[in-house]
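Read through the structure below, which is laid out as structure tokens, and then see the notes.
Just so it is clear, none of the values below were taken in a lab; they were calculated from the coordinates. Please read these numbers as outputs of a predicted model, since none were measured by experiment. Ideal geometry is used to build each Cβ from the backbone, glycine not excepted, and the neighbour counts take in all protein chains shown.
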């Protein structure tokens, strides 16, 4: 019997706010332990939380980015559990009335579960809660840093629509790209801004009943999620084939050993004794507030890629580069506005401009010419005033000096030679000076023609029209 995996992910993302969820303490990474704390984040008796308006705004904005419904009524709840990293012994979260629900994410994925290279994963909810502190364990003692306690945290819960390690990896990459592009979070995994709980079960292929759900807690890298699933799915299948009854449980991932290990039986909702948070009012956004948040929605990476391909006729690879580097993409669009050949602009942006910026370690704000400079350079090539080889030299001069392409061509005397008589003279000289290559061409060696073209270009100091050079050389050699 064949088995298949059913996977759902709970992705926890720290929101990009200046202060914490319920108080004015800084939401800052890297401070000395327990310096960004106050009586509210430490859960002292008698303190009262006040909701961070920006966190509420970013939560609803996330809902719009993930195609979610935005309920007109949401509330906060207490989720009770007893861990050293939770000073209050409960977490303020959203349980049965979250701020967003019923959305979906589309992403590029060429594998099972996709249609025409695109997969869709449904989002159950994206709800707002608070982060907890961070425990550290040493040889003889443990410590808790509460700087992270109370940081706004968004938990994005997917439906069990994922079917394997590669699909889970692609989904997480696409989800964090959306959140980063939308200004929701910096999504820096090294700073713990994104963590993931994996829910996975197996079942006979083609059946609808879900197997026992195994949760793998607190994954802090996408590659870790992929490796954990590559181990856990075969482990579960093998256990079922042996006749073992899998039980719902929580496991941890040992990255060094490459295995999952049992931690505890999985808690259910009643174990947490949820009840409405008595110190916080429900959240009921107005129409005007929702419209204000909706106006902040940006073009998402996949939408942008599709538009660049559609509107400018550039290949998917070029569009992907211009999506990954947003400012570079904006520069391209400004330069390509109204041109006949946007691909030529894309080549200059990706192959020339991007490389120069990387070499010099500078940004576009320091560039000495604007998008119009690239547009003019392409027009010079297409009009026949310069050839593509000279265009490379013109670009280098533009980058160094900020001069317009026309000014560079004029100053350097680089206007392309398209005069037939002059080119015929260069061709005659190349043929006379290279009898061996002439004989090779006439004997059927086609590559000899390219060598002779190179000699003509050298004699003309790169200024001969390459198209005319090829035509005239071939005519002379065949006559």
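The per residue volume of the convex hull around the alpha-carbon atoms of the range 1-157 is 187 Å³. Give me log10 I(q)/I(0) at q = 0.18 Å⁻¹ for the range 125-235, Debye formula, one equal scatterer per alpha-carbon, no solvent. So the normalised log intensities work out to -1.04. Adding -39500 (n - 2.57) for every DSSP H run of four residues or longer, then dividing by how many residues the chain holds, sets the calculated 222 nm ellipticity at -12000 deg cm²/dmol. Its relative contact order, with pairs defined as Cα atoms under 8 Å and 6+ residues apart, puts the range 420-478 at 42 percent.
When only Cα pairs below 8 angstrom with a gap of at least 6 residues are kept, the range 301-412 shows a relative contact order of 20 percent.
State the Cα centre-to-centre distance between the range 174-194 and the range 429-463 in whole Å. After rounding, the separation between the Cα centres reads 56 Å. Working from label points 7 Å from Cα in the Cα-to-Cβ sense, the residue 31 to residue 238 distance is 4.7 nm. The gain in end-to-end length when the residue 210 to residue 307 segment is fully stretched comes to 31.1 nm, 0.36 nm per residue minus the alpha carbon separation. Taking 37 °C and 0.692 mPa s as conditions, the range 420-478 diffuses translationally at an estimated 299 µm²/s according to Stokes-Einstein applied to its Kirkwood radius (Cα pairs). The long axis of helix 222-241 is offset from the longest Cα principal axis of the chain by roughly 60 degrees. Separation of the range 326-380 and the range 77-150, taken as the distance between their Cα centroids, equals 40 angstrom. Over what distance in Å are the Cα centres of the range 13-73 and the range 264-306 separated? Result: 12 Å between the Cα centres. Taking 37 °C and 0.692 mPa s as conditions, the range 43-123 diffuses translationally at an estimated 212 µm²/s according to Stokes-Einstein applied to its Kirkwood radius (Cα pairs). When Rg and Dmax are taken over the Cα atoms of the range 301-412, they come to 13.6, 44 Å. Applying 1/(1 + (r/R0)^6) with R0 = 51 Å to the Cβ-Cβ distance of residue 248 and residue 379 gives a FRET efficiency near 0.15. Beta-bridge orientation, the chain: approximately 95 percent antiparallel, per DSSP, counting only bridges with both partners inside.
P(r) tail, the range 1-89: Cα-Cα pairs separated by more than 20 Å, 54% of all pairs. Tilt of helix 301-312 relative to the longest C-alpha principal axis of the chain, in degrees (0 to 90, nearest 10)? Computed tilt is about 20 degrees. In terms of its alpha-carbon gyration tensor, the range 184-330 comes out oblate; a/c meets the 1.5 threshold, while b/c is at least as large as a/b.
Helix 420-433 and the long axis of the chain differ in direction by around 90°, with both axes built from C-alpha atoms. One compactness figure for the range 298-339 is 1.01, namely its Cα radius of gyration divided by 2.2 N^0.38 Å. Rg of the Cα atoms in the chain, relative to 2.2 N^0.38 Å, amounts to 1.35. Remark: relative contact order (the chain) = 14 percent; criterion is Cα-Cα distance under 8 angstrom and separation of 6 or more residues.
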